[in-house]
Amino acid sequence: MTAISAIDVNKHYGDFAALDNVSIEIPDGSLTALLGPSGSGKSTLLRVISGLEVPDTGRVLIAGEDVTALTPQKRGIGFVFQHYAAFKHMTVRDNVAFGLKIRKRPKAEISARVDELLEIVGLAGFQRRYPSQLSGGQRQRMALARALAVEPKVLLLDEPFGALDAKVREDLRTWLRRLHDEVHVTTVLVTHDQEEAMDVADRIAVLNAGRIEQIGSPRELYEEPANDFVMSFLGPVATLGGKLVRPHDLVVSLRQIEDAVPVTVERVVHLGFEVRISLRDADGEELSAQTTRGEAARLDLSEGQQVFVRPGHPAFDADVAAPAA
Amino acid sequence: MRVSRLPQLTLRTIALTYLTVLLLIPVGLILYRTFEHGIGAFWDSATTPASLHAIQVTLTIVAIVVPLNVIFGVFTALALVRGRFRGRGIVQAIVDLPFAVSPVIVGASLVLLWGVHGWFGGLAEHGIKIIFSLPGMVLATIFVTLPFVVREVEPVLHEIGNEQEQAASTLGASAWQTFWRITLPSIRWGLAYGVVLTVARALGEFGAVSIVSTGVSGDSETLTLLVANRFDASFNPFGSYAAATVLMGLALVALLLMTLFERKGRRA
Ligand SMILES: Nc1ncnc2c1ncn2[C@@H]1O[C@H](COP(=O)(O)OP(=O)(O)OP(=O)(O)O)[C@@H](O)[C@H]1O
Ligand SMILES: [Mg+2]
């Protein structure tokens, strides 16, 4: 079943097309990431789905119901903002209870539900604190609890971890993944960080300049990118003979082999298990190849050395990688 | 860096002298004159029919002007900060007009508009008296106090942004609920300060109000006008000091009430 559909959505700011005929379907219970560079329209799409932004044309359906004409108030969504949007004058408890109080639920029910949610997000002892007394990560977890309290049909997160430092980000996204496995609410996560998208999402939609380039599972996108943009956005790439290749899909050989291009070794960097070899081709273009420590030891490259590279996989090309006899 | 002892002492002395000469001595002198013949004399002078009437007129004006300015000020500030409409620049300029126009001119313009020979002078023939009566004084006070709430609330609205309001709407709050539960509590500092300034100015306004008042004690006279009247027209300086003390007392009470209200709001 489809939890959210956006159909032919257009949104212009003046002459600028922030969303250019975007259509997307989000399956029920999925955790979908909207991934793209800054300014590609990710937030705009999420805000159109939430009703915080009104599209010029197009329709939005949530749980099969056309909500295009509804305000955010009536859409049954949960929204989490990059900068938390915590209600600063309310305690953690009142923040989380807000949606339930608006819905005039009985006091006892509100109290029980808030306790339960704070337990889930790991803020059980923080009921009486004010947002200013919480760390960024705690504030964002409070914001998630607040959004979940009203049992939204869909949960929309706009770069929820964007304002946090790297370590906290990583912890929180693992935590979000687990939370999603427990709560099962359809979730859309906006991010410009491909690692974050690959890590938590089961589906990724890649946006670029107001258009969706490709939608699929992280693995599909990585292994069968629809175009160069998706390929380069989802991981490191090297250009070889005008084509994009992943650095770990480059075979480095000491002797001339079929389809191989002559290159000069610029630098060999040991990154623990992996070794990155910076190369420069005859036209002066830089590219880097990535290989294993064992492979690098066998090649025993030195700076300035002339070698040959071609697309392929070292494991299947052991013979060509072997040093010339 | 430590400021050495002598310059530090000098700085303190200068600051204290400055405050003493400019603020403490004048106020202290009034208090001294007020009470030099004892509390009884002060009480008698502060409770004459003219004085009681002036207190009543002043409080009435404050009671009408403050709520109007709060409502108008908050909504104007909201429109200026959140709205994207044509003519925002013009509204901005109009809000500042009372700062630019001398209060006496405000009074005169009100007479031109509402006076017997003014545009709306016809009202007087129907027994509705604006000028030389309470409505005129209320209008004059509104005019001169209009910018305070707007200008105090506006920067606070800018600072809090609208994400909290958007969050409230995604949680199911209507525009009205969002205003009461999110916007208003967030701007209460600015609002409280705007109200304090409004009250202080409404209590103390002289120029604009004196023109639209009859200037007859016990008729349409505020406490501030009474202070001036007793001082020069009625040759009653002692009465003037007593009225001034009452006026300062009222301002102090307003300030205290506002602080208490603020404290309570913060704890809730
Ligand atoms: N209110 C607005 N007025 C004018 N232009 C806007 C407005 N909001 C967004 N845009 C433009 O629309 C484009 C898409 O914006 P959007 O916020 O969706 O980008 P994004 O993909 O979320 O980027 P980021 O990762 O930086 O948040 C941007 O070029 C932005 O400048
Ligand atoms: Mg964004």
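The values are calculated or read from the model by the stated rules, or taken from the named source; none is laboratory data. Source: prediction; values computed, not measured. Positions of Cβ are generated from backbone atoms using ideal geometry, with glycine treated the same way; all protein chains shown enter the neighbour counts. In case anyone asks, the SASA skips ligands and DNA or RNA and just uses the protein heavy atoms, side chains included. Shrake-Rupley method; radii C 1.70, N 1.55, O 1.52, S 1.80 Å.
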Exercise for the section: Could you order B:HIS117, B:HIS126, B:HIS158, A:HIS248 so the one with the most accessible surface comes first? Probe is 1.4 Å. Expected result: B:HIS117, B:HIS126, B:HIS158, A:HIS248
Fill in the blank from the handout: For B:LEU256, the net charge from surrounding residues (Cβ-Cβ under 14 Å; K, R +1; D, E -1) works out to +1
Problem - Candidates per chymotrypsin sites (Phe, Trp or Tyr not before Pro) in segment B:202-261, loop by DSSP, up to 13 other Cβ within 10 Å - result: B:PHE235
Problem - Alpha carbon centroid spacing (whole Å) that separates segment A:52-98 from segment A:104-169 - result: 15 Å
Handout entry: Rounded to whole Hz, the Karplus (6.51, -1.76, 1.60) HN-Hα couplings of segment A:172-186, x for glycine and proline
Key = 5, 6, 5, 4, 4, 4, 5, 4, 4, 5, 7, 8, 6, 7, 4
Completion exercise
In whole angstrom, the spacing between the Cα centers of segment B:229-243 and segment A:13-39 equals 75 Å
Handout entry: Spin-label pair A:GLU274/A:GLU151, simplified geometry with 7 Å Cα→Cβ offset, distance in nm
Key = 4.5 nm
Practice task
Give the residue from B:THR76, B:ALA228, B:PHE132 lying farthest towards the positive end of the charge dipole for chain B; charges sit on Cβ (+1 for Lys and Arg, -1 for Asp and Glu) and the dipole is referred to the Cα centre.
Solution key: B:THR76
Exercise for the section: Return the subset of A:LYS101/A:LYS153; A:LYS104/A:LYS153; A:LYS11/A:LYS243 for which the Cα-Cα distance in this structure is over 22 Å, preserving the input order. Expected result: A:LYS11/A:LYS243
Handout entry: Karplus-derived 3J(HN,Hα), 6.51/-1.76/1.60, for each residue of segment A:194-203, Hz, glycine and proline x
Key = 5, 5, 4, 5, 5, 6, 9, 7, 9, 9
Practice task
Calculate for chain A the 222 nm mean residue ellipticity that helices alone would give, adding -39,500 (n - 2.57) per DSSP H run of length 4 or more and normalising by residue count, nearest 500 deg cm²/dmol.
Solution key: -8500 deg cm²/dmol
Practice task
State the extension gain, in nm to one decimal, for the chain segment bounded by A:ILE257 and A:HIS83, taking 0.36 nm per residue of separation less the distance between their alpha-carbons.
Solution key: 57.2 nm
Completion exercise
Projected onto the charge dipole of chain B (unit charges on the beta-carbon of Lys, Arg, Asp and Glu, signs +1, +1, -1, -1), the Cα from B:GLY115, B:VAL62, B:GLY239 with the largest positive-side position is that of B:VAL62
Handout entry: Mean ellipticity per residue at 222 nm, deg cm²/dmol - from DSSP H runs of n ≥ 4 across chain B, formula -39500 (n - 2.57)
Key = -24500 deg cm²/dmol
Practice task
For peptide A:231-238, compute the average count of partner chain beta-carbon atoms within 10 Å of each residue's beta-carbon.
Solution key: 0
Exercise for the section: Kindly sort A:MET90, B:MET248, B:MET137 by accessible area of their heavy atoms, largest first, with the probe set to 1.4 Å. Expected result: B:MET248, A:MET90, B:MET137
Practice task
Would you give the gap between the C-alpha center of segment B:145-222 and the C-alpha center of segment B:21-51, rounded to a whole Å?
Solution key: 32 Å
Exercise for the section: Give me the accessible area of B:PHE120, 1.4 Å probe, in Å² rounded to the nearest 10. Expected result: 90 Å²
Problem - Pairwise label distance in nanometres, B:THR47 with A:ASP56, each label 7 Å out on the Cα-Cβ vector - result: 7.5 nm
Problem - Computed magnitude of the charge dipole of chain B (debye, nearest 20; Cβ of K, R +1, Cβ of D, E -1) - result: 960 debye
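To the nearest 0.05, what FRET efficiency results for A:GLU220 and A:GLU285 with a Förster distance of 41 Å applied to their C-beta separation?
Working: r = 29 Å, r/R0 = 0.71.
The pair A:GLU220/A:GLU285 has a calculated efficiency of 0.90.
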Practice task
Identify, among A:SER38, A:ILE24, A:LEU189, the residue whose Cα sits farthest towards the positive end of the charge dipole of chain A, taking +1 on the Cβ of Lys and Arg and -1 on the Cβ of Asp and Glu, with the dipole about the Cα centre.
Solution key: A:LEU189
Problem - Shielding by partners - mean other protein chain Cβ count within 10 Å, residues of B:173-181 - result: 3
Practice task
Please turn the phi angles of segment B:31-47 into ³J(HN,Hα) values with the Karplus equation 6.51 cos²θ - 1.76 cosθ + 1.60 (θ = phi - 60°), one per residue in order, whole Hz, x for glycine and proline.
Solution key: 4, 4, 4, 4, 9, 5, 9, x, 4, x, 4, 4, 4, 4, 6, 7, 10
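Counting Lys and Arg as +1 and Asp and Glu as -1, each charge on the Cβ, what is the dipole of segment A:237-311 about the Cα centre in debye, to the nearest 20? Each step should come with its number before you reach the end.
Values: 9 positive and 12 negative charges, 40 e Å.
The calculation lands at about 200 debye.
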Handout entry: Total charge dipole magnitude, the protein assembly as shown, about the Cα centre, Cβ charges on Lys, Arg, Asp, Glu only, Debye to nearest 20
Key = 2860 debye
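Filter the trypsin sites (Lys or Arg not before Pro) in segment A:197-300 to those in DSSP coil with at most 14 other Cβ atoms within 10 Å of their Cβ, and list the result.
Values: sites: A:ARG203, A:ARG211, A:ARG219, A:LYS243, A:ARG255, A:ARG267, A:ARG276, A:ARG280, A:ARG293, A:ARG298; in loops: A:ARG255.
Of the trypsin sites (Lys or Arg not before Pro), the ones in loops of segment A:197-300 whose Cβ has at most 14 other Cβ atoms within 10 Å are A:ARG255.
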Problem - Apportionment of accessible area to carbon and sulfur, segment A:2-229, percent (1.4 Å) - result: 48 percent
Practice task
Calculate the mean, over all residues of peptide A:93-102, of how many other protein chain Cβ atoms lie within 10 angstrom of the residue's Cβ.
Solution key: 3
